[in-house]
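For reference, the structure discussed in these notes is given below.
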Amino acid sequence: MDSTNQYIQANKDRFLEELIELLKIPSVSADPAYDQEVAACAEVVKDAMEEAGVDHVEICPTAGHPIVYGEKIVDENLPTVLVYGHYDVQPADPLELWDSPPFDPVIKNEKIYARGAADDKGQMFMHVKAVEAMIATSALPCNVKFMIEGEEEVGSENLGIFVAENKEKLKADVILISDTSMLSNENPSITVGLRGLSYVEIELTGPNRDLHSGVYGGAVDNPINALSEMIAKMKDEHGHITVDGFYDDVEEVSKADREAMARAPFDIQSYKEHLGINATKVENGFSEMEGASIRPTLDVNGMWGGYTGEGAKTVLPSKAYAKISMRLVPNQDPEKITELFTEYVQKITPSTMSVKVTPHHGGQPAVTPTDSVAYQAASKAIETTYGKTPIPLRSGGSIPIVALFESELGLKSILLGFGLDSDAIHSPNESYGLFNFFKGIETIPHFFKNFAANS
Ligand code: BES
Ligand code: MN
Ligand code: MN
């Protein structure tokens, strides 16, 4: 065992204790009620970087939550790895569905349970610890920069501005991110694609006030009924999205790539069992794995209106609302899709209603090549620590800043994620495997070594 790995093995308990402290901070970026906790979390990340031996660690304020930046320059002539991650987390509600409080981390079944355990505190922290181990054992083979943000879960808008304004400071050769998942611990994979996102809200208005559903029902149209019909129209019986022009720019993935994907050891039975579903629902002609990665989607994320309180109130509501996400694939453009969606909604809105469509944050899809030095460095690193060559797979999730890193900094990202889909990110009882946490810390130094040696 090399000295870096020895250091890691000798300090495992402390690493875990430190992660527990980080997970105790409710750094929920979406809710202003947690602004102080988000700021406190940035301080803890800064302290951890300083203790790891990273230089010039600073908290960079933005119009929203701050970015923690730090760097360790070994030699200007050596390559530079820019590590990106996020310390903010999703809201924890519904709280009653958690088996233990979301910000009171518990270790059970070899996993650590807490909001942010896998997304992304546990994964981001692996890099801080891996760099600590490399510095402590004089084994950091190249330069490293850290950029850890506090607004990933709300769209990274201020990070986009920070990146555009700090191109010189962020100069690097590759971006390294652990914020995705693997197929399984037995079958490691590397993410080579992320979907884009268009997120919109619909407000449908019927009568100018809530009405008595007996006095007016049968003569006045109901916005919730109307919105349901509109949503039902958005996909046909083949699972195709009916928004005009929606598929115009969709990249057709090659037969070879689809065949490679079909060979990945994906266990549909355990997938269904894990989710408590009897059957899956996929666009005609595609597999579950394809539906959740290389095909675009349209999903209602939430829908409300009328009376939802206790008991029954007879009311014909004035308004109905829905929040809809569309996951996009190369080469769909989120702005264009939002426009097409808005036009389509206007077209299918019945004359009984008026409609307003409001776009929320979106993001571009991204793909990363497998023939780069950086990808090969990551693949070899995983081979070393897992004893298996990782499978390149596209993911269904989105990290909008990845496309921006490419357009603004001209840099590709390596998506070296160690999570599992069963980590329940964004859900109650989010967890991160201890195996995954420590395996990540062990694997990262191998990436640095391989990358430095070959670039
Ligand atoms: N880490 C996730 C993205 C992810 C998860 C990618 C699993 C691949 C596999 C990230 O924190 C996230 O949740 N992103 C948001 C997008 C954002 C604009 C709110 C998402 O995908 O919903
Ligand atoms: Mn994340
Ligand atoms: Mn997330």
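The values are calculated or read from the model by the stated rules, or taken from the named source; none is laboratory data. The structure displayed is predicted, hence computed values, not measured ones. Positions of Cβ are backbone-derived with ideal geometry, glycine not excepted, and every protein chain shown enters the neighbour counts. These accessible areas exclude ligands, DNA and RNA; they are computed on the full protein's heavy atoms, side chains included. Shrake-Rupley method; radii C 1.70, N 1.55, O 1.52, S 1.80 Å.
Accessible surface ranking for Ser293, Ser270, 1.4 angstrom probe, highest first: Ser270, Ser293. Ordering of 411-418, 231-238, 318-325 by packing is 411-418, 318-325, 231-238, highest average first (other Cβ atoms within 10 Å, averaged per residue). The C-alpha atoms of the range 296-406 occupy a region whose extents along the principal axes are 65, 36, 19 Å, arranged from largest to smallest. Near the amide H of Lys412, within less than 5 Å, lie the amide hydrogens of Ile175, all on another chain or at least 5 residues away, with H placed in the peptide plane. Note on Ile59 and Ser228: with the Förster distance fixed at 56 Å, the Cβ-Cβ geometry gives a FRET efficiency of about 0.75. Normalised by the number of residues in the chain, the mean separation of alpha-carbon contacts (under 8 Å, six or more apart) gives a relative contact order of 25 percent. Each residue of the range 304-316 was assigned a 3J(HN,Hα) from its phi angle through the Karplus expression (A = 6.51, B = -1.76, C = 1.60, θ = phi - 60°), giving 8, x, x, 9, 10, x, 4, x, 10, 10, 7, 9, 9 Hz with x at Gly and Pro. Would you mind pulling out the separation of the Cα centroids of the range 360-385 and the range 189-264, in Å? Using only Cα atoms, the two centres lie 30 Å from each other.
Sum -39500 (n - 2.57) across every DSSP H segment of at least 4 residues in the chain, then divide by the residue count to get the 222 nm mean residue ellipticity, nearest 500. My calculation for the chain gives -10500 deg cm²/dmol from helical runs alone. Taking amide H as placed 1.01 Å from N in the peptide plane, the amide H of Leu420 sits under 5 Å from that of Met182, each at least 5 places away or on another chain. Extent along the principal axes, Cα only, for the chain: 79, 50, 45 Å, with the longest axis given first. Separation of the range 288-354 from the range 82-151 is 33 Å, based on Cα centroids.
Ranked from largest to smallest solvent-accessible area, with a 1.4 Å probe on the protein heavy atoms, Lys121, Lys356 come out as Lys356, Lys121. For the range 59-90, no residue has its backbone nitrogen under 14 Å from a point 7 Å from the Cα of Ala40, taken along Cα to Cβ.
Remark: the Asp93-Asp244 segment gains 50.8 nm on full extension, using 0.36 nm per residue and subtracting the alpha carbon distance. Note that the range 434-451 has calculated 3J(HN,Hα) couplings of 5, 4, 5, 4, 6, 5, x, 4, 6, 6, 4, x, 5, 4, 4, 5, 5, 5 Hz, one per residue in order, obtained from phi through the Karplus relation 6.51 cos²θ - 1.76 cosθ + 1.60 (θ = phi - 60°); glycine and proline are x. For the pair the range 387-455 / the range 50-81, the C-alpha centres are spaced 20 Å from each other.
Sketch the reach of a paramagnetic label on Ser427 as a point 7 Å from Cα along Cα-to-Cβ, and name the residues of the range 259-273 whose backbone nitrogen lies under 19 Å away. Under 19 Å, as judged by backbone N against the label point of Ser427, lie 266-273 of the range 259-273. Placing a label point 7 Å from the Cα of Ser100 along the Cα-to-Cβ direction, the residues of the range 413-455 whose backbone N falls under 14 Å of that point are 429-434.
Label-to-label distance for Arg209 and Lys167 is 5.8 nm, based on points extended 7 Å past Cα in the beta-carbon direction. Scalar couplings 3J(HN,Hα) for the range 141-150, obtained by applying the Karplus form with A = 6.51, B = -1.76, C = 1.60 to θ = phi - 60°, are x, 7, 7, 9, 10, 10, 9, 10, 9, x Hz; x denotes Gly and Pro.
At the listed q of 0.19, 0.29 Å⁻¹, the Debye profile of the range 220-260, built from one uniform point per Cα, gives log10 I(q)/I(0) equal to -0.73, -0.95.
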